[in-house]
Amino acid sequence: MKKLILICMSSLLMACGAEKSASHSIKEFKYSVDKFADVEILRYRVSDFENLSLKQKELIFYLSQAALEGRDILYDQNNKYNLCIRRTLEAVFENYKGDRKSADFENLTTYLKRVWMGNGIHHHYSEEKFIPEFSAAYFKLAVKSIDPGKLPLSKGETVEELIVKLTPILFDPEIFSKRTNQAEGVDLIQTSANNLYEGVTQTEVENFYLNMKNPNDNTPISYGLNSKLMKENGKLVEKTYKVGGMYSAAIQRIVNWLEKAANVAENNNQRDVILTLIDFYKTGNLKTYDDYSIKWVEDLTSQIDFVNGFTETYGDPLGLKGSWESLVNFKNIEATKRTEIISSNAQWFEDNSPVDKQFKKEKVKGVSAKVITAAILAGDCYPATPIGINLPNTNWIRRDHGSKSVTIENITKAYDQASLGNGFAEEFMWSDVERKRAKDFASMTNNLHTDLHECLGHGSGKLLPGVDPDALKAYGSTIEEARADLFGLYYMGDKRIVELGLLPDKDAYKAEYYQFLMNGLMTQLTRIQPDKNIEEAHMRNRQLIASWVYERAKVDKSIEMITRNGETFVKINDYQKVRALFGQLLAEIQRIKSTGDYEGGKKLVETYGVKVNQTLHAEVLERYKKLNLAPYRGFVNPVYTLVKNGKDEITDVTISYNEDYVEQHLRYSKEFSSLNTNN
Ligand code: ZN
């Protein structure tokens, strides 16, 4: 629950954080790669890869291979038919001999691109199933037209049966309509389309895991993190993800690459981290997973780092099952100096925050933070990716061993660069004052807000003794993200930030405040379909904060929403008042978290975070449409290649940026696809 996702185009409009570091002469680097449906695909640059040692490059290569091998796992976790659907569509895409210029074929291509983007048939962000714009009749015709040997037929299955099986899943909006259902008052397990559970009710799941928990255990394992829970012969069983268990073929290949990685580790600690992860993958033992997490969080000296495993639990409405993801990266040493300033002042921030003393940490532990350069994105970090990560998620490990926080700056840079001059600021910002401030400072303040959110926000505060960390249940993620965001927002307007050299100007923070409120009150609605409410935790959190603050600030016009020529604008008249309100809300949210006040959390989220003002929503969509921008972005990875000499020794690892979106996915599906399509 500690992943920060870049939410809005509005944070992307600033002109150019001028190329830092000795950038080479890749002048023609083109950030935008592809555009379809509501998505733009970008490329990111791995600056300074060339400057790593050969051994480090090799390590990145092996970890990258290990990352890509997990791709199918996530597809299958997201829905049990995803792999079959992806393979069927890819087979059609590659082998269809009919009219490839027809609207039907183009719509099929777009649909396939969306499946790649969502790692399945659901939108990566809204989690709603998207419906093809080609007909079921065309699907049937296209599938039947190709060599059956290319199709993912299960044993004894005919092409006709495959089509009959998949057609309702693709075309019937009622079937598998939502990947992770968070709606109130229904069985969240049975109404979610993911494949983390099967044939079980929410109550059964809750009781199953409740029975495992020992309330006196101070260091509990992450129950259920790496398994599917299902019924066999009327009994609940966990199918553990491990070598020899569920997803064995993919996990075995991950392990093989990790073994190679261990051989070129930068140091013994890092080798031990990798070996412990291998042990976990082989045994599925969650105690080993905790050992691994502790070793991982304590390895602060290695330059290269990675996430590889069942990590975030957003995909499970009950927040238990980890979605597979991987990120390989290395430290950006220059930019990390900024986060080191934040970390070394962590106690000051904790002591001076506006929350009630009883909810503060007496001693903030192990807040480590760094700025990283992503080298490969995979699983749940690909194609859509977070811009900041804070792990591990296990509460007691965070408490006793701290957490690692990262800001992925080459990703934010790609966002910024791709957004220059796209017209967004002209359309939605109140005046040139806000636009100028955004241009001058927003790149900086965005990065700083991410740092504060990740390094301090999630790590701040404490639960009162005996409070269940899961007490807020379905509202937990939203409340947690709001807490981290507010911590950052509150401090951005503090003069201490300028004193510490984190921002160059006492008014710079206003760029972030303006964008945050404009986003939360208005522009993030560009990501919501007409008549829909907000489901996703980060978006709920942003609207919650913005609406709560606005409701109080409009009384004395500290914030106004003004209509000009029929268009609505946010205008902030008193930024320090806004800051005070951020502080008040932070105090309240920390109280809710610390005391496990489920009703309080529910009320806040439901009142401010969920429902959408339909009139404003329609207006925002209309204005946004004129700009012809994609509200979501995903990425393609670079390609790494081992260079060998005549004696089969590795002499270099090269990086290239030539692969496009379609090529990349088709290649991944060939090279990194080891799971059976068994349904
Ligand atoms: Zn977060």
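Quick check on region 333-443: take the gyration tensor over C-alpha atoms, sort the square-rooted eigenvalues as a ≥ b ≥ c, and tell me if it's rounded (a/c under 1.5), prolate or oblate.
Working: a/c = 2.32, a/b = 1.46, b/c = 1.58.
Oblate is the answer for region 333-443, as a/c is 1.5 or above yet b/c matches or exceeds a/b.
How about K282: which aspartates and glutamates have a C-alpha closer than 17 Å to its C-alpha, ignoring those fewer than 8 places off in the same chain?
E69, E238, E259, D272, D290, D291
Report the net charge of residues surrounding L54, where surrounding means a beta-carbon distance below 14 angstrom and charges are Lys +1, Arg +1, Asp -1, Glu -1. Write out the running numbers ahead of the final one.
Details: positive: K55, K57, K644; negative: E50, E58, E266, E649, D652.
That works out to -2.
On the protein heavy atoms, probe 1.4 angstrom, tell me the percent of accessible surface of region 424-493 carried by carbon and sulfur. Walk me through the numbers on the way to the answer.
Working: 1140 of 2100 Å².
Ligands and nucleic acids excluded, carbon and sulfur give 54 percent.
When only C-alpha pairs under 8 Å and at least 6 residues apart count, what is the relative contact order of region 449-595, in percent? Could the numbers behind the result be given before it?
Working: 156 pairs, mean separation 45.0, N = 147.
The value is 31 percent.
Checking the a/c ratio against 1.5 first, then a/b against b/c, what shape does the Cα gyration tensor give for the chain? Could the numbers behind the result be given before it?
Working: a/c = 1.30, a/b = 1.23, b/c = 1.06.
Rounded shape, in that the Cα axes give a/c under 1.5.
Aspartates and glutamates near K363 by alpha-carbon distance under 13 Å, same-chain residues fewer than 8 away left out - which ones?
Counting by Cα, and skipping residues close in sequence, K363 has these aspartates and glutamates nearby: E350, D351, D400.
Rounded to a whole number, what % of the accessible area of region 49-102 do carbon and sulfur atoms account for, probe 1.4 Å? Can you show the working numbers first?
Numbers: 770 of 1610 Å².
So the carbon and sulfur contribution to the accessible surface is 48 percent.
Based on the alpha-carbon gyration tensor of region 449-503 and its eigenvalue square roots a ≥ b ≥ c, which shape applies: rounded if a/c is under 1.5, prolate if not and a/b is larger than b/c, or oblate? Provide the component values of the computation, followed by the final result.
Working: a/c = 3.54, a/b = 2.34, b/c = 1.52.
Since a/c reaches 1.5 and a/b is larger than b/c, the shape of region 449-503 is classed as prolate.
When the Cα centres of region 548-593 and region 447-471 are compared, how far apart do they sit, in Å?
23
Per residue, how much accessible area does the chain show when a 1.4 Å probe rolls over the protein heavy atoms, in square angstrom? Write down the numbers at each step before the final one.
On the way: 26210 Å² over 679 residues.
Averaged over the residues of the chain, the accessible area is 39 Å².
Report for the chain the percent antiparallel among DSSP-assigned beta bridges with both residues inside it, nearest 5.
On the way: 46 of 60 bridges.
Taking every DSSP beta bridge within the chain, about 75 percent pair in antiparallel fashion.
Please tell me which of these pairs span more than 18 angstrom C-alpha to C-alpha: K150/K242; K357/K602; K337/K404?
Too far apart for the 18 Å limit: K150/K242; K357/K602.
Work out how much length L236 to N395 would gain on full extension: take 0.36 nm times their residue separation and subtract the Cα-Cα distance, in nm to one decimal. Don't skip to the answer; put the middle values down first.
Numbers: separation 159, 0.36 × 159 = 57.24 nm, distance 2.69 nm.
Length gained between L236 and N395: 54.6 nm.
In region 165-321, carbon and sulfur make up what percent of the accessible area (probe 1.4 Å)? It would help to have the intermediate numbers written out before the result.
On the way: 3230 of 6620 Å².
The computed percentage sits at 49.
Which aspartates and glutamates have a Cα less than 13 Å from the Cα of K97, not counting those fewer than 8 places away in the same chain?
D147
Given R₀ = 45 Å, what would the calculated FRET efficiency be for A471 paired with D99, taking r from the Cβ atoms and rounding to 0.05? Please report the intermediate quantities before stating the final value.
Values: r = 57 Å, r/R0 = 1.28.
E(calc), rounded to 0.05, equals 0.20.
The values are calculated or read from the model by the stated rules, or taken from the named source; none is laboratory data. In this text, all values refer to a predicted model and were calculated from it rather than measured experimentally. Quick reminder, even Gly has a Cβ in these numbers, built from the backbone with ideal geometry, and neighbours come from all protein chains shown. We work out accessible area using only protein heavy atoms, side chains counted, and drop any ligands, DNA or RNA first. Shrake-Rupley method; radii C 1.70, N 1.55, O 1.52, S 1.80 Å.
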